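What follows is a short report on a single structure.
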Amino acid sequence: MLKSNSKTFSLLEPSDILSLYYTSLYSGNLSTVKELMTGESYIMTLETFGLRVALHDQEFKAQLKKIQEDEGALAEVENKLSFDLISRKVSPEIDITSVSWNGEKRQTIDYTEDGKTKKLYFSKEKDGWKINYYAGRKVE
């Protein structure tokens, strides 16, 4: 099943990925979020959204520190964080304000999330467009 999703995701443009990212994130569907992002960006996302849980759960905090080298810790963090994201009951309104290119294989989308101005960076990878926090760097 995951392979067919990967093929489907590879056809998506960054603007489609942006919408799917927020829908998947706040519905706790981290397996889809993982497919939409580069590995480094996904880990950063788990760390960022996991901070709230880590403040109240010392075991989670310890696991969060080990997600890059311990598959078991990663699975536990994904499971707990998924439930936390669902419990937030957030469904932000996303409006794209502009799309710009940064080289041939990078895009930046400026958008608003519930009225707050934001940016998200994308890079064209071998398996399609991915959210890539590092793609905002200038290409020389």
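The values are calculated or read from the model by the stated rules, or taken from the named source; none is laboratory data. What you are looking at is a predicted structure, and each value in this text was computed from that prediction instead of being measured. Note that each Cβ is placed from the backbone with ideal geometry, even for glycine, and that neighbours are counted across all protein chains shown. We work out accessible area using only protein heavy atoms, side chains counted, and drop any ligands, DNA or RNA first. Shrake-Rupley method; radii C 1.70, N 1.55, O 1.52, S 1.80 Å.
For this structure, a couple of remarks:
- Residue 38 being at negative phi, at pLDDT 95 or above, under 15 Å from the mean Cα position of the chain (by Cα) and open to solvent by 80 Å² or more (accessible area, probe 1.4 Å): no
- Residue match in segment 50-71 (condition: farther than 18 Å from residue 127 by Cβ, touching a residue at least 40 places away in the same chain (Cβ under 8 Å), in a helix (DSSP H, G or I) and open to solvent by less than 20 Å² (accessible area, probe 1.4 Å)): no
Okay, residues lined up against (1) surrounded by 13 or more Cβ atoms within 10 Å (Cβ to Cβ); (2) of a type outside the set (Ser, Thr, Tyr); (3) part of a helix (DSSP H, G or I):
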| residue | (1), (2), (3) |
| --- | --- |
| 74 | yes, yes, yes |
| 77 | yes, yes, yes |
| 92 | yes, yes, no |
| 95 | no, yes, no |
| 99 | yes, yes, no |
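- Screening residue 126 against (1) open to solvent by 50 Å² or more (accessible area, probe 1.4 Å); (2) of a type outside the set (A, V, I, L, M); (3) at positive phi leaves a single unmet condition, (3).
- Residue 117 being open to solvent by less than 30 Å² (accessible area, probe 1.4 Å) and over 23 Å from residue 29 (Cβ atoms): no
- Residue match in segment 23-31 (condition: modelled with pLDDT under 95 and in a loop (DSSP other than H, G, I, E, B)): no
- Restricting the first member to segment 22-33 and to residues that are under 20 Å from residue 112 (Cβ atoms), and the second to residues that are in a helix (DSSP H, G or I) and open to solvent by less than 10 Å² (accessible area, probe 1.4 Å), the beta-carbon pairs closer than 6 Å and six or more apart or on different chains are 24/33; 25/33; 26/85.
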